[in-house]
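See below for the structure under consideration.
The values are calculated or read from the model by the stated rules, or taken from the named source; none is laboratory data. The structure displayed is predicted, hence computed values, not measured ones. Using ideal geometry, Cβ is built from the backbone for each residue, glycine included, and neighbour counts are taken over all protein chains shown. To get the accessible areas, we keep the full protein, side chains included, count just its heavy atoms, and leave off ligands, DNA and RNA. Shrake-Rupley method; radii C 1.70, N 1.55, O 1.52, S 1.80 Å.
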Amino acid sequence: MNSSINITKGNLKPSERIFVALDTPDIDRALSLAQSLKGLVGGLKLGKEFFTSCGPEGAKRITALGMPIFLDLKYHDIPNTVAGAVRSALGLNPFMLNVHASGGRAMMEAAAKAADEAGPNRPLVIAVTVLTSMNKNDLAEVGINVEPIEHVMRLARLAKESGLDGVVCSAKEVVALRGNVGPDFKLVVPGIRPDWASKDDQKRVVTPSDAIDLGADYLVIGRPITASDNPGEAARRIAGELSDE
Ligand code: C5P
């Protein structure tokens, strides 16, 4: 089945599919970015840089602003430890959190089961497949001698079989993934760059509107918005490009 054209886009406006990566160690900067983005995007992504510096208390100050949170801590450990981490994360009431698919089936099953304990507030549990900063050579250096797409596909199928809700993937993988994992499996896409933004260290990038057209459910966008002199304006510009579809 290739459902890339007719995916379940739900009732979300395109701008509501954007999660802005607040990759900063500074709580005041994160709060000010979050405030300037409120109402312009779907949510905020808090990752390791923010969380290691600002901790759960910092995360609670961001969630208090009322925007959905993607807790991007990419758990990867033995199943019991990942289940415990997911349980701890539930206290932050995230909309979405993630684990590394390369942690394997038992680890992902444990993560999904722990998330179930949140009942109706269960976050989406998403797997990271292959980081978008890695190309074929980078994979080969860690002993994986296949095309990135082949490895992504294998890990995505395993994530689905393990009860997860979706994967983080490159936009260039979205069409192939849809054909393999069906219309309801969430595809969360970083490595997004508007034409007018720098690629920074990302190697496999697409524009926001191409990502949506391909069938991404959520777009993770960091520096094109957060490194802009006017983050709110950059978010508006991207949202405007998306609604011109
Ligand atoms: O600034 P930029 O738009 O490149 O930020 C992308 C964000 O998405 C970063 O927080 C990065 O950690 C995250 N990410 C990624 N590739 C993945 C998974 C997450 O770039 N495969």
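Observations on the model:
- The modelled label-to-label distance between THR52 and SER228, using points 7 Å beyond Cα along the C-beta direction, is 2.8 nm.
- Fully extending the segment from SER243 to ASP213, taken as 0.36 nm per residue of separation minus the present Cα-Cα distance, adds 9.6 nm.
- Computed [θ] at 222 nm, helices only, for the chain once each DSSP H run of length n ≥ 4 contributes -39500 (n - 2.57): -12500 deg cm²/dmol
- Annotation: extensible slack from ASN135 through ALA118 equals 2.5 nm (criterion: 0.36 nm per residue apart, minus Cα-Cα distance).
- Using a probe radius of 1.4 angstrom, the carbon and sulfur fraction of the accessible surface of region 12-243 is 49%.
- Positive minus negative residues near ALA227 (Lys, Arg vs Asp, Glu; Cβ under 10 Å): -2
- Maximal additional length on extending the LEU12-LYS38 stretch stands at 7.8 nm, based on 0.36 nm per residue less the C-alpha distance.
- Accessible surface calculations at 1.4 Å, restricted to protein heavy atoms, place region 1-104 at 46 Å² per residue.
- Taking all pairs of distinct alpha-carbon atoms in region 12-243, Kirkwood radius in angstrom: 17.7 Å
- Spacing of the modelled spin labels on TRP196 and VAL175, each 7 Å from Cα toward Cβ, amounts to 2.8 nm.
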